Amino acid sequence: MAFNDILLRTMNGEKVERPPVWFMRQAGRYMDEYRAIRSKVSFLELCKSPELCTEVTLQPIRAFGFDNAILFSDILVPIEPMGVELDFNPAPVIANPVRTLADADKLREMDPEKDVPYVLETVRRLVKALDVPLIGFSGAPFTLACYMVEGSGSKNYEHIKTMIHTNPDAYRVMMEKLANSTLKYLQAQIDNGAHVVQMFDTWAGVVSPYDYEKFIFPYVKHIVDNIKGAPLIYFAKDSFSFFDIIGKLNCAGMGVDWKTRLTDADERLGKGKYVLQGNFDPVQLFGSKESIKETALKILDEGKDLKGHIFNLGHGILPPTPRENVDYLVKIVKGEA
Ligand code: CP3
């Protein structure tokens, strides 16, 4: 089959026949095929097996015909070799959270070839197996730091916010190591064949715009300014209030969550500056076919006025999502339903 390059043409700002479509967390527990594999291994065992990761990455491409694959792994996989004791239950738990300058000093910068060779092996296998582009990914430094410091998900993020405002040296030492590790990790995925990379900043939106600008943005900018050889999409959830700051980044694409209109995002980021990705509410996939179509058509219509639009959800797909609705939404975007 010919290589489907609609995502790459869109990222280049070319006019395309329709938006490319993929969904964040498109491989996962909403699929029986995924659960069959997961019933035999733990999540971390799965993430460390190139054979199983390759298979799980391909499952949603076969099932729904997405226009690209996304590497199967987790944002926290590359922080384990930095010195954190990581487990998934299924949500992530870190047994030795980073709280002091001494803890931050002990963290090691990650070396992708040495520390996560299985991820790069998966990338190489996928690039050979696929006839669509492969998106590689990482967490952004602050989102990784949230798990490192809190030790799990969190309601108020009080440990990391306290560290920022009482122990800025510890925060800086940790963030510099995370930023350098993340840059090397994304670059290694590109060097091994990933066509596009996405950086997930899921928890950026928990801080004030003042703290985003001073304590998060510089590390994101360092990565964006130094990555070479493939376009980057930055996805900072809940961050519309500081899109004016984010709009200073020189990357190709920006993710938009479901609470923001694509046209408002474009306005605030800098009209026509970025290809935008989003922004269907993942929970609306529990809704009726009529409601799914009505919203999808509104999003497609807003997407027409942009530099480029990648149709996606506004956040990851949830495990109880009805599979037939995923199929239906992809068909709407492709003009087949
Ligand atoms: O998009 C894809 O298909 C690639 C796979 C992928 C996973 N995690 C697999 C996963 C990606 C891109 C991620 C990113 C990720 N992981 C983020 C950023 C995006 C987002 O969703 O905000 C974050 C914050 C994490 C951290 C994480 N990993 C959480 C909070 C959880 C538990 C929540 C849950 O879904 O249960 C995970 C576990 C995880 N990562 C699973 C999968 C398929 C479920 C593990 C299982 O099979 O038991």
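Quick rundown of the values:
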item	result
For the chain: span of alpha carbons on each principal axis (Å, largest first)	57, 46, 37
Relative contact order, percent, the range 6-333 [alpha-carbon distance under 8 Å, six or more residues apart]	20 percent
Sequence of SER42, SER181 from largest to smallest accessible area, 1.4 Å probe	SER42, SER181
Packing-based order for 49-61, 214-226, 87-99, using average beta carbon neighbours within 10 Å, highest first	49-61, 214-226, 87-99
Calculated SAXS-style log₁₀ I(q)/I(0) at q = 0.20, 0.22 Å⁻¹ - the range 84-224, Debye, Cα scatterers	-1.25, -1.41
Value of relative contact order over the range 62-185, rounded to a whole percent, pairs C-alpha under 8 Å and six or more apart	37 percent
Max mean-square fluctuation residue, GNM over the chain, Cα-Cα springs under 10 Å, options VAL41, VAL127, VAL283	VAL41
Unsatisfied cross-links (Cα-Cα over 30 Å) in the set LYS259/LYS304; LYS40/LYS221; LYS307/LYS331; LYS48/LYS271	LYS40/LYS221; LYS48/LYS271
Prolate/oblate/rounded label for the range 283-337 (Cα gyration tensor, a/c 1.5)	prolate
Kyte-Doolittle at least -0.5, axis length at least 27 Å by Cα - qualifying DSSP helices, the chain	168-191
Shape of the range 38-128, Cα gyration tensor, a/c cut at 1.5	prolate
Residues of type aspartates and glutamates that LYS128 reaches as a straight line, Cα spacing below 18 Å, ignoring anything fewer than 8 places off in the same chain	ASP5, GLU51, GLU55, ASP67, ASP191
Quarter of the Cα convex hull surface for the range 6-69, i.e. its orientation-mean projected area (nm²)	5.0 nm²
VAL84 accessible area, 1.4 Å probe, all protein chains in place, Å² to nearest 10	10 Å²
Proximal charge balance of PHE240 [Cβ under 11 Å; K/R count +1, D/E count -1]	-1
Hydrodynamic radius by Kirkwood, which averages 1/r over all alpha carbon pairs of the range 206-324, in angstrom	15.2 Å
Rounded if a/c under 1.5, otherwise prolate or oblate - the range 189-235, Cα gyration tensor axes	prolate
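The values are calculated or read from the model by the stated rules, or taken from the named source; none is laboratory data. All values reported here derive from a predicted model rather than from experimental measurement. Glycine gets a Cβ as well: all are built from the backbone with ideal geometry, and neighbour counts include every protein chain shown. Only protein heavy atoms, including side chains, enter the accessible area calculation; ligands, DNA and RNA are left aside. Shrake-Rupley method; radii C 1.70, N 1.55, O 1.52, S 1.80 Å.
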